[in-house]
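Visitor: Dumping the structure here so I can ask a few things about it.
The values are calculated or read from the model by the stated rules, or taken from the named source; none is laboratory data. Keep in mind that this is a model prediction, so the values were computed, not measured. Using ideal geometry, Cβ is built from the backbone for each residue, glycine included, and neighbour counts are taken over all protein chains shown.
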Amino acid sequence: MKGYKNHFEKVEKIKSGEISLRQNVNYFLKRIEENSNLNCYNFVFNDCIEQADIIEEKIKNGKAGKLAGMVIAIKDVLALKDKPMTCSSNILKNFISIYTSTAVQKLINEDAIIIGKTNCDEFAMGSSNENSAFGPALNPHDATRVTGGSSGGSAAAVAADLCDVSLGTDTGGSIRQPAAFCGIFGLKPTYGRVSRYGLTAFASSFDTIGPFAKSIEDIALVLEVISGKDEKDSTSQDTPVPEFSKNILTDKKFKIGIPKEYFGEGLDSEIKDAINNQIEKLKSNGHQIIEISLPHTEYAIATYYILTTAEASSNLSRYEGAHYGYRAEQSGDLIDMYTETRTQGFGKEVKRRIMLGTYVLSAGYYDAYYRKAQKVRRLLKNDFTEAFKSVDVILTPTTPTVAFKIGEKSSNPLEMYLSDIYTTSANLAGIPGINIPITKNKNGLPIGMQLMANQFEELKLLQLSKVIESLK
Ligand code: GLN
């Protein structure tokens, strides 16, 4: 048994001697082994146990960092010096990072223990973790179902108690959607809140890094640690970082916007009912429920897939066998070597996206697709700016369905893309969003609810999540 609800409780129990950090780390290592069928981890760092006694000592001497002893898993697209980083791709098989990403360094600086690197869709492209060179991670609630993606391993590892907290990345929903499928909290911060230095780029103007946890307290604590301006990422913002973890309790009554576009066709009726039930509870608790419209919502998926594939095709041009990573053995001249390396190294979905992205950027099509999509992105952003003039937070479903069966959508990319229907808008607009696990359906599968707030207003998301938890 873990024996604590959140990190604050864990530290208190370590201080009082009720929990030994060594036993706790061993508990996770053992569970990882016992649940290896879930395939959550690409790499496990068994030697992290060596830090347990040192950090426990620090905790007892009052000299420990904010995350002292928190056992954290990181998505295998985040660099950690001297450790492998594959992005779940054969093209980075055997690649060892030569530096550490800022977000992960900040965890380490606060005495967190990094236990391993989690499985994900190749280069974070996917919604089910099925596009991984390591094979799919399995949903701990039903191992015949997907975890969601792309941060599937990170979400499942937290849900199955294989770590305290994990980091994932969210370009179009990859934190919120797997959090919903696995029944835990997952927060995508504002674009620019957390440095992307050391995160392998997928779509640079969309990518964000954020935490998964079973408690809002842990989400808040990790968010406050990893946030902030970083000179190594010029898109990180110099906006003050609130002490999220100390401010999640509030008596405030929120103005909550319900966008009608998020409750239309395609939404599973059990999810719809569960969300309406939450809305009723919030109403009786004195919060104001306001119906709003985000009129350009129907264009979000198309816009997202045009812009992100364009960015990906450019970002992935660096994997060619010359600089690092995999190189095809048998090849003729330089061009052959590039072609062979990329043919062998990339999986199907990554290739599909490179081709789509190259197409939308090509001469003659640039104006029709890429430039037009940029304009629609602005319109989507304007919808949110308008909405946040009258509401604090927007409440929606996170996903149209619960976790689907492995293999169910893998041969139909368009259907797979539609599982991001409620999440991509936040990335297009650069705003924060969170998944809250609210209940389970009749088959015991988790149902999630999404909250979105204006840029840099993560605190409102955390506060309202806490309110919702208290109404359970
Ligand atoms: N599922 C979306 C995609 O395939 C989102 C991925 C992500 O957020 N990294 O692009």
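Visitor: Could you give me the residue pairs with C-beta distances under 7 Å whose first residue belongs to segment 95-116 and is in contact (Cβ under 8 Å) with a residue 12 or more places away in the chain and assigned to a helix (DSSP H, G or I), whose second residue is buried (at least 19 other Cβ atoms within 10 Å of the Cβ) and of a type in the set (Gly, Ala, Ser) wherever it lies, and which are 6+ apart or on separate chains?
Guide: Thr102/Ser195; Thr102/Gly198; Ala103/Ser195; Val104/Gly198
Visitor: When you go through (1) of a type outside the set (Lys, Arg); (2) under 24 Å from Lys405 (Cβ atoms); (3) surrounded by fewer than 24 Cβ atoms within 10 Å (Cβ to Cβ) one by one for Ile96, which number turns out not to apply?
Guide: That leaves (2) as the condition not met.
Visitor: Let me confirm something: among Gly148, Gly62, which residue is of a type outside the set (Ser, Thr, Tyr) and either in contact with a Cys (Cβ under 6 Å, 6 or more places away or on another chain) or surrounded by fewer than 24 Cβ atoms within 10 Å (Cβ to Cβ) (or both)?
Guide: Being of a type outside the set (Ser, Thr, Tyr) and either in contact with a Cys (Cβ under 6 Å, 6 or more places away or on another chain) or surrounded by fewer than 24 Cβ atoms within 10 Å (Cβ to Cβ) (or both) holds for just one of Gly148, Gly62, which is Gly62.
Visitor: Across segment 222-242, which residue is farthest from the ligand (Cβ to nearest atom) among those that are touching a helix residue (DSSP H, G or I) at 6+ places or on another chain (Cβ under 9 Å) and under 12 Å from Glu458 (Cβ atoms)?
Guide: If we take residues in segment 222-242 being touching a helix residue (DSSP H, G or I) at 6+ places or on another chain (Cβ under 9 Å) and under 12 Å from Glu458 (Cβ atoms), then Pro242 is farthest from the ligand (Cβ to nearest atom).
Visitor: Taking the condition of being closer than 25 Å to Ile96 by Cβ and in contact (Cβ under 8 Å) with a residue 40 or more places away in the chain, how many residues in segment 28-54 meet it?
Guide: Of the residues in that region, 13 qualify.
Visitor: Would you call Thr297 away from the ligand (no atom under 16 Å from the Cβ) and either polar (S, T, N, Q) or under 22 Å from the mean Cα position of the chain (by Cα) (or both)?
Guide: When the stated conditions are applied, Thr297 passes them.
Visitor: Something else about it: Which condition number does Glu110 fail, the rest of (1) closer than 18 Å to Gly448 by Cα; (2) in contact with a helix residue (DSSP H, G or I) (Cβ under 7 Å, 6 or more places away or on another chain); (3) surrounded by fewer than 24 Cβ atoms within 10 Å (Cβ to Cβ) being met?
Guide: It is condition (1) that Glu110 fails.
Visitor: Follow-up. Does any residue of segment 263-283 turn out to be under 23 Å from Gly430 (Cβ atoms) and within 24 Å of the chain's Cα centre (by Cα)?
Guide: No: segment 263-283 contains no residue that is under 23 Å from Gly430 (Cβ atoms) and within 24 Å of the chain's Cα centre (by Cα).
Visitor: Out of Tyr324, Tyr369, I need the residue that is of a type in the set (Phe, Trp, Tyr), modelled with pLDDT of 95 or more and either within 22 Å of the chain's Cα centre (by Cα) or over 30 Å from Phe456 (Cβ atoms) (or both). Which one?
Guide: Tyr369
Visitor: Just give me the residues in segment 381-413 being more than 18 Å from Ile289 (Cα to Cα), at pLDDT 95 or above and among the small types (Gly, Ala, Ser), in sequence order.
Guide: Scanning segment 381-413 gives Ala403, Gly407.
Visitor: Also: Somewhere in segment 241-252, is a residue buried (at least 23 other Cβ atoms within 10 Å of the Cβ) and either among the aliphatic types (A, V, I, L, M) or over 21 Å from the mean Cα position of the chain (by Cα) (or both)?
Guide: Checked against the condition, which is being buried (at least 23 other Cβ atoms within 10 Å of the Cβ) and either among the aliphatic types (A, V, I, L, M) or over 21 Å from the mean Cα position of the chain (by Cα) (or both), segment 241-252 yields no hits at all.
Visitor: Return the pairs, sorted by first residue and then second, in which the second residue is of a type in the set (Lys, Arg) and at pLDDT 95 or above, the first residue lies in segment 239-263 and is within 19 Å of Leu187 (Cβ to Cβ), the beta carbons are less than 6 Å apart, and the residues are 6+ apart or on different chains.
Guide: Ile248/Lys466
Visitor: Right, next: If I ask for residues that are within 25 Å of Thr439 (Cβ to Cβ), assigned to a helix (DSSP H, G or I), out of contact with any Asp or Glu (no Cβ under 8 Å at 6 or more places or on another chain) and not hydrophobic (A, V, I, L, M, F, W, C), which ones from segment 270-304 would you list?
Guide: Glu270, Lys272, Asp273, Asn276, Asn277, Gln278, Glu280, Lys281, Lys283, Ser284
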